[in-house]
Structure formats: structure tokens, C-alpha cells
Amino acid sequence: MYDKEKLKEISQSKKEWQKTVDKAISRFPERREDFSSVSGLDNNRIYTAEDVGDMDYNEDLGYPGQYPYTRGVQPTMYRGRLWTMRMYAGFATAKESNERYKYLLEQGQTGLSVAFDLPTQIGYDSDHPLAEGEVGKVGVAIDSLKDMETLFDGIPLDKVSTSMTINAPASVLLAMYIAVAEKQGVSSDKLRGTIQNDILKEYIARGTYIFPTEPSMRLITNIFEYCSKNVPKWNTISISGYHIREAGSTAPQEVAFTLADGIAYVDAAIKAGLDVDDFAPRLSFFFNAHNDLLEEVAKFRAARRLWARIMRDRFNAKKKKSMMLKFHTQTAGSTLTAQQPDNNIVRVAIQTLAAVLGGTQSLHTNSRDEALALPSEESVRIALRTQQIVAHESGVTNTIDPLAGSYYIESKTSEIEEKAMEYIKKIDELGGAPKAIDMGYIQQEIMDAAYRYQKEVESDERIVVGVNRFKVEEGSPKGLLKVDPTVGENKKKGLKELRDERDNNTVKERLDALKNACETDKNVMPFIIDAVKAYATLGEVCGVMRDVFGEYEQSVRL
Amino acid sequence: MDRPIRVLVAKPGLDGHDRGAKVIARALRDGGMEVIYTGLRQTPEQIVAAAIQEDVDVVAMSILSGAHNHLFPKVVDLLEKENAEDILVIGGGVIPEDDIPELKKVGIKAIFTPGTPTTDVIEFIKSQIKN
């Protein structure tokens with residue numbers, strides 16, 4: 001970006017400056033010998049034009065809405081439209097969740113986000129023995145279409161966009177959503193939203209898998225294919241680095257492993273006969289926003305540029321939309337402390353800035369009390385207000401990608417891209433992400449980073465305010481949310497009623513038809529839709545697939 | 001003591017957040033203990049069976065889903081039924097302060113909440129097992 005003569009001059013003057021630095025240090029040493037980011041990347045004392053000397057503006061940055069999308073995916077970004085403020089919420093029962101959604105819509109939220117309880121995420125009905133104690137705990141319990149009808153009661157599905165955090169049984173929950181919409185008179189081509197549907201990161205980091213790698217990849221490509229024809233506005237996958245980061249990865253690892261998963265999905269879909277430009281525009285991503293503000297901004301920009309290059313050069317995508325990395329962000333739950341929980345509001349504000357300066361398309365901000373319990377309504381409101389303050393008061397939304405051109409930001413963007421590329425190369429050598437996961441390679445890399453970080457905190461090399469420094473005596477926090485313990489029993493009762501009321505012959509026929517489809521190479525989506533419309537339960541539908549596909553076995557290496 | 005302290009690190013319930021469990025497992029191992037990690041989605045029955053089969057001194061459970069009030073006591077209960085109540089049972093994760101007294105009453109000897117240094121856990125185990 002600079003001519004060689006100018007760079008020489010800069011290099012020369014830097015040497016002069018270095019002398020004054022040496023002098024200063026000899027009298028007042030710096031706070032530490034080495035400075036590094038939270039990901040362990042070296043932080044130099046200063047960055048100059050020299051660090052970005054070989055950057056090519058048009059090739060490496062371009063303009064917003066233009067390849068390689070480093071500066072954002074839309075030509076006007078937040079000047080045109082702010083990001084979607086999307087708070088992930090799901091509470092115990094469908095009825096309570098429905099009330100929370102209506103509350104959040106009234107408060108100015110612009111999209112729904114559904115959290116499911118763990119039995120739902122793993123494909124068990126509320127009366128399954130393994131569901132004991134878990135029903136309605138971390139989200140809403142959905143056993144059948146009946147619950148889904150309650151969940152979206154009075155919410156017009158042609159007007160909202162809905163994000164569902166569901167992976168292994170994504171096909172079943174999407175089928176139920178389509179069925180509810182149909183009952184509201186909304187045809188599936190009008191539906192907007194996202195299913196997470198990213199099974200690879202479940203094996204890597206999040207743990208709510210059901211089936212082995214291969215049939216899981218087939219379910220995902222079945223969804224791609226069905227939606228490209230019938231639910232064209234639906235984002236069929238949200239390729240998630242969020243949980244990879246929460247599990248302890250570094251920022252470059254977050255980019256690398258997420259995009260490696262993305263590559264695996266694109267490969268699988270192409271292998272299944274889909275054209276890359278038919279499904280790639282519907283791929284979306286999901287990243288974490290940590291405290292290291294500038295590293296995070298660089299991370300988001302690096303991810304966008306790298307994905308654009310991968311789609312163009314590796315997969316020969318032609319459509320612009322296939323090359324755009326659109327992403328949702330959530331602030332980092334793992335950075336929130338149980339100690340002095342109100343400090344978390346500040347952490348979330350910094351992370352919000354990171355996401356916004358990084359050009360996110362939607363954002364969930366965590367609540368201050370999440371290291372203690374499920375968030376209370378007041379905490380959720382503060383978290384949402386944090387986004388609104390950044391959006392309307394901070395001024396950072398007025399200019400697109402305002403940090404571009406910073407020697408530091410550009411240099412870090414390139415460094416993270418390079419480090420991620422090295423990992424992707426390594427994963428390619430191992431045979432791709434699914435193989436690298438089955439071997440435990442990716443999990444091991446993350447674990448090493450997580451352990452390193454823990455050691456740094458315990459040895460006070462890294463300061464976490466309130467945890468290893470600036471501690472105070474604290475009483476126990478008040479006003480935490482409690483889940484009603486009767487939820488599980490009520491759900492059991494509801495299931496029994498459902499099984500008595502519905503036409504069990506039809507249920508059996510449709511489940512048999514689904515089994516048949518699973519055993520052949522037919523697309524299973526239409527069969528799942530038929531089954532849930534007859535009020536087959538989530539557990540029954542997943543049970544059929546468990547019978548045919550088997551279950552994944554985790555490989556654990558410490 | 002002749003042999004190193006043996007610890008079963010277990011993930012009861014359905015939540016898949018195993019960063020804490022794995023970090024603790026590694027720290028205990030680096031602290032000189034023998035560690036067996038169960039992996040995800042263990043029922044109390046499975047945990048107790050593994051504890052007895054592996055002849056451990058400690059069962060350390062981690063849970064973040066909120067099902068601790070249900071699952072932790074069950075493990076203590078089953079250990080008693082198997083006459084293995086001498087095994088030290090400890091727990092960790094996102095566990096509200098209000099729940100801790102009740103858990104301690106039923107026999108969970110210590111609850112470690114987020115932010116606890118791994119060295120505290122190691123020291124606690126060592127102090128308990130020596131006695």
C-alpha cells in the first residue's frame with residue numbers, strides 16, 4: 001500500500017525512535033517482557049506502515065459489499081440497516097417462552113431466537129429416563145407439534161425471522177416449524193430464519209450429537225436440498241465457531257476450525273449433486289466475541305476474507321452471495337465471571353463493540369448473571385440495552401468498517417488469516433474436518449489452548465478482574481431465575497394425553513415410511529414433515545433414525 | 001500413601017460443556033493423581049459403576065445444565081447403596097449459591113463454582129484423602 005521509498009524512510013525513522021524507546025526502558029522498564037493477545041498472538045510495541053507494506057488495497061480489502069468482503073458484506077452496512085438484535089431465549093415451557101418472545105418483540109427486538117432444552121436437543125421426549133432433571137432447564141422442551149403450536153401462538157411467522165439453536169434433530173424441528181406455519185396459512189417459501197444444523201461443532205465442542213458423522217452429514221445435505229426448493233429464504237446452517245471458542249480455542253483456531261467445518265459441508269453438498277451456487281448463499285456463520293477488542297475485530301475481518309477466497313478459488317463459486325460470509329455473533333459466555341457479576345455488563349459492552357466493529361449481521365448479548373444461573377428478565381433487558389446504546393449512542397455505526405487501515409488491525413487481520421490457513425491445510429492433510437474430528441485432532445488442539453489459558457490465569461500472567469485480582473468479599477447474588485421443578489412432570493402428563501388423543505395408526509404408518517426412507521437414499525425431509533404433522537413425537541422420529549443410523553461414540557483424549 | 005489418588009471425573013446429565021471437566025482432569029493429572037474421565041451423558045448409575053470398577057478415591061462431577069439438584073444427590077445415594085460411601089464426592093459447574101447447602105447436606109463434600117483455581121481443587125482433594 002506504500003511505495004518502497006516511503007517505506008524505507010519509515011524504517012529509518014523507526015530506528016531513530018527505537019533509540020528513545022531503549023532509553024526510556026532503561027529508566028522505566030515496561031510492565032512486562034512480552035505482551036500477547038488473549039489468543040497468545042504476540043503484540044509488538046507498535047505497528048507501522050511497514051507491517052502492511054505488501055498489502056494490496058483492492059485485492060485484500062476492497063469495498064463493503066465487494067470481494068473479498070473484508071470490509072463487510074453489504075455496501076452500506078449499518079448506515080442502511082442495523083444488525084438484528086437477537087436474544088437467545090427459551091424457558092421451560094412453550095407457553096412461558098411464547099410470553100418471553102412477545103415481551104422481547106415489544107421491547108424492540110427484531111428477530112426471535114429459540115433455545116431448546118437438552119432432551120429436545122438430543123432427540124429425547126420429556127418422559128425419557130435420560131431426560132430426568134433436565135426438562136425445561138436450559139431452554140424450551142418440545143415434544144411434538146403441539147408444543148410448537150403453543151410456542152409460536154399469536155406470532156405471525158411470515159413477519160418474524162426465527163433462529164433455532166438445534167443441531168442433531170434440526171430436520172425435525174424445521175419440519176415442525178413448517179407445519180405450524182402451514183396451520184397459520186403461511187406457505188414455506190415465506191419463512192425466514194436459521195437452523196443451527198452444524199453437527200461437526202457438536203462433536204468438536206458442544207456435545208449434543210446423536211448420530212455418527214456420515215448419516216449426520218446426509219441429514220444436513222437433505223435439508224440443503226429440500227430448502228433450496230421449498231424454503232428458499234431459510235438459512236439452512238449456521239456454521240458455528242462460537243462453541244469452539246467457548247471450549248477454549250484461540251481466535252485463529254476459531255476461524256480455522258469453523259471454516260474447515262464449512263468446507264466439509266460444501267464438499268458434502270457438492271458430492272450429493274448440488275450446485276455450489278444453489279446452496280452456498282444460504283450458508284451462514286456464527287462467531288464468538290471475546291474481550292480482546294481489536295483482535296476480535298481483526299478475526300471477523302479475517303474470517304470474511306478467507307471464506308471469500310475459499311469459495312472463489314477452491315469451490316469455483318460464481319455468485320457473489322456464495323462468497324459472502326454472513327454471521328451472527330454472541331458475546332462470550334466463558335468470559336463472564338461469577339464474581340462481581342455486574343462487571344459482566346462492561347465485558348459484554350466491549351464484546352458488543354467488537355462484534356459491531358467487525359461487521360456482524362446479528363447479535364446476542366449475554367446477561368450479567370449467566371455464570372450464576374439462567375438470566376433474569378432484568379438482566380436480559382440490560383443486555384439488549386447494551387446493543388441499543390452501541391447502535392444509537394456510540395457513533396461507531398455511522399461509518400463502515402471504521403478501523404480499516406489501522407496498521408495494527410490490518411496486520412492482525414492478515415496474521416489471523418494466515419494462521420487459520422495453516423490449520424486448514426493440516427486438516428486437509430488429515431482428510432477433512434470429519435476425519436480430523438473422529439481422530440480427536442481438533443478437540444485436542446482446543447483442549448491444549450484451554451489448559452494453557454487456565455494456567456495463565458492461575459499463575460496471574462493474565463488478570464481477570466474480580467477472579468485473580470481486585471477481589472472483594474461478596475454476599476450471595478439475589479434475584480436469580482429458578483425453573484419451576486414441576487415442568488418435567490407436567491410434560492410427562494402432556495405426552496400421555498397426546499398419545500391417547502392422536503391417530504396412532506397414522507403415526508405408525510408415517511414413522512414406517514420414514515424408516516424406509518432412511519434406509520434408502522431418499523430425501524428424508526418430506527417424510528419427517530408427514531410424521532410430525534400426525535403428531536409423532538420428536539423422540540419417536542429420532543428413535544426411528546437412531547435405529548437405522550446408530551449413535552455417535554465420542555473419542556476422548558485428555 | 002502407596003498409590004496415587006485415583007479420581008473419576010464425570011459429566012452427569014445431558015449437557016455437553018466439558019471444558020471445565022477436561023481442564024480439571026488435566027490439572028489433577030498434572031497434580032500427580034490418576035484420572036479417569038467418563039465422557040458425556042453419564043447416568044448416575046453409570047458413574048457409580050465406573051467409580052467402583054475403577055476403585056477410585058474421588059468422584060468429581062461437573063454440570064452446567066442446572067440438573068445438579070437432581071443428579072448429584074442420586075450419585076451419593078447409589079454409592080451408599082453399593083457400600084462405597086467412603087468415596088469422596090465433589091461437584092462443580094454453574095451452581096447457584098442457594099443450592100449449595102442442600103447439596104452439602106446430602107453428602108457432596110465440596111462445590112466448586114466458576115473461577116475456582118484448579119489448585120484449590122487439588123488441595124481440597126489431598127487434604128480430604130489424607131484424613
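The values are calculated or read from the model by the stated rules, or taken from the named source; none is laboratory data. On a predicted model such as this, the values are computed, not experimentally measured, just so you know. Neighbour counts run over all protein chains shown; Cβ positions are idealised from the backbone, glycine included. Just the protein is used for accessible areas: all its heavy atoms, side chains included, with ligands, DNA and RNA removed. Shrake-Rupley method; radii C 1.70, N 1.55, O 1.52, S 1.80 Å.
The apolar share of the surface of the protein assembly as shown, taken as the fraction of accessible area on carbon and sulfur atoms (1.4 Å probe, ligands and nucleic acids excluded), comes to 49 percent. For A:Phe35, project a label point 7 Å along Cα to C-beta. Then give me every residue of the range A:432-470 with its amide nitrogen under 15 Å of that point. Zone members listed by number: A:463. Which of the three applies to the range A:127-220, rounded, prolate or oblate, going by the alpha-carbon gyration tensor with a ≥ b ≥ c and a/c under 1.5 meaning rounded? Here the range A:127-220 falls in the oblate category. Note on B:Glu54 and A:Glu214: with the Förster distance fixed at 30 Å, the Cβ-Cβ geometry gives a FRET efficiency of about 0.40. Would you work out if the protein assembly as shown is rounded, prolate or oblate? Take a ≥ b ≥ c from the square roots of the eigenvalues of the alpha-carbon gyration tensor; rounded if a/c is under 1.5, else prolate when a/b is larger than b/c, oblate otherwise. Verdict is oblate for the protein assembly as shown. Computed from Cα positions, the angle between helix A:538-549 and the longest principal axis of chain A comes to roughly 80 degrees. When the chain is fully extended, how far beyond the present Cα-Cα distance does A:Lys190 get from A:Trp17, taking 0.36 nm per residue of separation? Full-extension gain reported as 56.2 nm. Each of A:Pro119, A:Leu174, A:Ala141 was placed along the dipole of the range A:111-206 (beta-carbon charges, centred on the mean Cα), and the one lying farthest toward the positive end is A:Leu174.
The HN-Hα couplings worked out from phi for the range A:336-345 by the Karplus form 6.51 cos²θ - 1.76 cosθ + 1.60 (θ = phi - 60°) are 7, 10, 6, 7, 6, x, 5, 4, 5, 4 Hz, whole numbers, x standing for Gly and Pro. Note on A:Ile270 and A:Lys102: their simple-model spin labels are 4.9 nm apart, each label 7 Å out from Cα toward Cβ.
Coupling constants for the range A:312-318 follow from the phi torsions by the Karplus curve (6.51 cos²θ - 1.76 cosθ + 1.60, θ = phi - 60°), and in residue order they are 6, 8, 8, 10, 6, 5, 10 Hz; glycine and proline get x.
Here each label is just a point 7 Å from Cα along the line to Cβ, and for A:Arg381 and A:Thr76 those points are 3.3 nm apart. Working note: 222 nm ellipticity from helices only, DSSP H runs with n ≥ 4, each -39,500 (n - 2.57), summed and divided by the residues of the protein assembly as shown, gives -14500 deg cm²/dmol to the nearest 500. For a label point 7 Å from the Cα of A:Asp460 along Cα→C-beta, name the residues of the range A:31-64 whose backbone N is under 20 Å from it. Answer for this model: A:31-36. Surface listing: A:Asp369, A:Asp484, B:Asp57 arranged by accessible area from highest to lowest gives A:Asp484, B:Asp57, A:Asp369, probe 1.4 Å.
In percent, what relative contact order does the range A:261-342 have, based on Cα pairs under 8 Å that are 6 or more apart in sequence?
So the answer I get is 39 percent.
For the pair A:Arg469 and A:Asn505, a Förster radius of 51 Å applied to the C-beta separation gives a FRET efficiency near 0.15, rounded to the nearest 0.05. Each Cα pair under 8 Å and six or more residues apart adds its separation to the average, and for the range A:166-215 the resulting relative contact order is 48 percent. Against chain A, whose longest principal axis is taken from its Cα atoms, helix A:407-429 shows a tilt of about 50°. Per-residue surface analysis assigns B:His17 an accessible area of about 100 Å², computed on protein heavy atoms at 1.4 Å probe radius. Only residues of the range A:518-550 count here: report those whose backbone N is under 12 Å from the spot 7 Å along Cα→Cβ of A:Glu182, or say none. Taking a point 7 Å out along Cα→Cβ of A:Glu182, the residues of the range A:518-550 whose backbone N falls under 12 Å are A:526-535.
In a fully extended conformation the segment linking A:Lys482 and A:Thr399 would gain 25.6 nm over its present Cα-Cα distance, using 0.36 nm per residue. Of the chymotrypsin sites (Phe, Trp or Tyr not before Pro) in the range A:440-478, the ones in a loop by DSSP (not H, G, I, E or B) with at most 15 other beta carbons within 10 Å are A:Phe470. Rolling a 1.4 Å probe across all protein chains gives A:Val138 an accessible area of roughly 40 Å². Surface listing: B:Arg19, A:Arg502 arranged by accessible area from highest to lowest gives B:Arg19, A:Arg502, probe 1.4 Å. A full extension of the chain between A:Lys522 and A:Ile389 corresponds to an added length of 42.9 nm, given 0.36 nm per residue minus the alpha carbon distance.
Hey, with R₀ at 41 Å, roughly what FRET efficiency would A:Arg557 and A:Ser26 work out to, going by the Cβ-Cβ distance, to 0.05?
0.30
Computed from Cα atoms, the angle from the helix A:94-106 axis to the main principal axis of chain A rounds to 40 degrees. Comparing B:Gly115, B:Gly31, B:Gly91 in a Gaussian network model of chain B where C-alpha atoms under 10 Å apart are linked, the largest mean-square fluctuation is found at B:Gly115.
Taking every C-alpha pair closer than 8 Å and separated by at least 6 residues, the mean separation divided by the residue count of chain A gives a relative contact order of 18 percent.
Classify the range A:429-539 as rounded, prolate or oblate from the Cα gyration tensor: take a ≥ b ≥ c as the square roots of its eigenvalues, call it rounded if a/c is under 1.5, otherwise prolate when a/b beats b/c and oblate if not. It is oblate, given that a/c is not under 1.5 and a/b is not larger than b/c. The accessible area of A:Trp83, taken with all protein chains in place and a 1.4 Å probe, comes to roughly 10 Å².
Projecting the Cα positions of A:Gln330, A:Ala383, A:Ser394 onto the charge dipole of the range A:295-436 (unit charges on Cβ atoms of Lys, Arg, Asp and Glu, taken about the Cα centre) puts A:Gln330 furthest along the positive direction. Please name the residues of the range A:193-212 whose accessible area, counted over protein heavy atoms with a 1.4 angstrom probe, falls by no less than 20 Å² between the chain alone and the full protein assembly. So the qualifying set is A:Ala205, A:Arg206, A:Gly207, A:Tyr209.
The residues A:Ser476, A:Ser171, sorted by heavy-atom accessible surface at 1.4 Å with ligands and nucleic acids left out, run A:Ser476, A:Ser171 from largest to smallest.
The string of couplings for the range B:83-90 from the Karplus curve (6.51, -1.76, 1.60, θ = phi - 60°) is 6, 10, 6, 6, 6, 6, 10, 10 Hz, one whole number per residue in order, with x for Gly and Pro. Summed over both chains, the area buried between B and A is near 3200 Å², taken from the accessible surface of protein heavy atoms with a 1.4 Å probe.
For the range A:1-110, the solvent-accessible area of protein heavy atoms averages 62 Å² per residue (probe radius 1.4 Å; ligands and nucleic acids excluded).
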